[in-house]
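> Could you have a look at this structure, given as structure tokens, before my questions?
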Amino acid sequence: MKPLYCVGNWKMNKGPAEAKAFCTELKKQVRPGEAPYLVVLPPAVSAPTVSESLIGSGVRWGAQNSYFETKGAFTGETSPAFLQEMGAAFCLVGHSERRQIFGEKDELLARKLSALQAVGVTPILCVGETLEERQKNRTQEIVLGQLQRGLALVNKDQSFWIAYEPVWAIGTGQVATVEQASEVHTMIRQSLRDSLGEGARAVPLLYGGSVKPDNASGFTKCPDVNGFLVGGASLKVEEFLQIFRLSNPS
Ligand code: PGA
């Protein structure tokens, strides 16, 4: 079985100095063979430092957000082309904090996803229901709706990843049970299969929401969980690597 990916979403943590210290330590501790399955997502201002510090390590990095336009009068935004120029391999699209705090809608996210693919940066589309939606039995409708609208402009021949993050599990310490995650991941895979055919098997599906060293290994039982999107526990090298190692016993 392929190792599970570990993607560290630093959110608005680690300026350039801390980011550099993290990468230097990660380079020291990472073992050969682990690096291709590790990804870090620093804040935009720390990206150049991270890009440089990870050279030669095999660990990839990405951004947490981008716009869809290439350049122009879009104050405060980041172009997918700039990310590509800097060496980003990935970019999150529609993290629940972008949806909830910054009001990003599926239609905008679909354009971002398409623009990232166009420059060869792999988008990671984030989907997930709120607690209220789960309690009202709307999980399937919400997740599949976000998926279908977010992938409206996808280029099926270019890579893209999906992260399922139940909003109620993000930063709360309340992790989804293996059964809950498994059910939604299987549903996402089926939906991808309906639109992509057998190609759907190759799309990595990440689980995210309070993933920690002590709960990660349980998810290895889910065939449709291909890795993790880790927030809080990705901020320390030891914990980040522990999650990877405990979920990928050698
Ligand atoms: P968390 O964050 O691991 O701190 O819950 C996950 C995320 O928001 O990507």
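> Can you pull a Stokes-Einstein diffusion coefficient for the chain at 10 °C (1.306 mPa s), Rh from Kirkwood over Cα pairs, as a whole number of µm²/s?
Value of D from the Cα-based Kirkwood radius: 88 µm²/s.
> Further question: Give the residues of segment 218-250 whose amide nitrogen is closer than 17 Å to a point set 7 Å from the Cα of E25 in the direction of its Cβ.
231-245
> Another question, then. Segment 120-229: which trypsin sites (Lys or Arg not before Pro) are DSSP loop and have at most 12 other beta-carbon atoms within 10 angstrom?
K136
> To continue, here is another question. Do you know the relative contact order of segment 5-98, to the nearest whole percent, from alpha carbon pairs under 8 angstrom that are 6+ apart?
Over segment 5-98, the number comes to 27 percent.
> Counting pairs of alpha carbon atoms under 8 Å apart in space and at least six apart in sequence, what relative contact order in percent does the chain give?
20 percent
> Per the Kirkwood definition applied to all pairs of different Cα atoms, how many angstroms is the hydrodynamic radius of segment 1-137?
The Cα-based Kirkwood calculation yields 15.9 Å.
> How do H185, H95 rank when sorted from fewest to most other Cβ atoms within 10 Å of their own Cβ?
H185, H95
> What aspartates and glutamates could a cross-link reach from K71, if we take a straight Cα to Cα line under 16 Å and drop same-chain neighbours fewer than 8 places away?
Answer for K71, where 16 Å is the Cα cut-off: E85, listed by chain and number.
> Something else now. Sum -39500 (n - 2.57) across every DSSP H segment of at least 4 residues in the chain, then divide by the residue count to get the 222 nm mean residue ellipticity, nearest 500.
The helix contribution divided over the chain gives -11500 deg cm²/dmol.
> Sticking with this structure for a sec: For segment 205-250, what is one quarter of the convex hull surface built on the Cα atoms, given in nm²?
Projected area, direction-averaged: 3.0 nm².
> Now for a separate question. Can you give the net charge of the other residues whose Cβ lies under 14 Å from the Cβ of H185, counting K and R as +1 and D and E as -1?
Around H185, the charge tally is -1.
> Still on this model: Does segment 125-178 come out rounded, prolate or oblate, given a ≥ b ≥ c as the square roots of the eigenvalues of its C-alpha gyration tensor, rounded meaning a/c under 1.5 and, failing that, prolate meaning a/b above b/c?
It is oblate, given that a/c is not under 1.5 and a/b is not larger than b/c.
> What residues from segment 132-165 fall in the zone where the backbone N is under 18 Å from a label point 7 Å along the Cα-to-C-beta line of E198?
Hits in segment 132-165 for E198 at 18 Å: 156-158.
> Taking the Cβ-Cβ separation of I55 and E183 as r and a Förster radius of 41 Å, what is the calculated FRET efficiency to the nearest 0.05?
About 0.50, to the nearest 0.05.
> Still on this model: Take the eigenvalues of the Cα gyration tensor for segment 99-214, scale each by 5, and report the square roots as semi-axes in whole Å, largest first.
Over the Cα atoms of segment 99-214, the ellipsoid semi-axes are 23, 16, 14 Å.
> Setting aside same-chain residues fewer than 8 positions from K20, which lysines have a Cα under 16 Å from its Cα?
Leaving aside lysines fewer than 8 places away in the same chain, those within reach of K20 are K11, K28, K236.
> Follow-up question, since we're still on this one. Which of the lysines could a cross-linker span from K221 if the Cα-Cα distance has to be under 17 Å and same-chain partners fewer than 8 positions apart are dropped?
K2, K212
> Name the trypsin sites (Lys or Arg not before Pro) in segment 1-90 that are in a loop by DSSP and that have at most 11 other C-beta atoms within 10 Å, would you?
For trypsin sites (Lys or Arg not before Pro) across segment 1-90 that sit outside H, G, I, E and B with at most 11 neighbouring Cβ atoms in 10 Å, the list reads K71.
> In whole Å, how far is the Cα centre of segment 203-219 from that of segment 60-97?
Measuring centre to centre over Cα atoms gives 25 Å.
Throughout, read-outs are computed from the coordinates displayed, never taken from laboratory work. Just so you know, these numbers come straight off a predicted model, no measurement behind them. Every residue, glycine among them, receives a Cβ derived from its backbone with ideal geometry; neighbour counts consider all protein chains shown.
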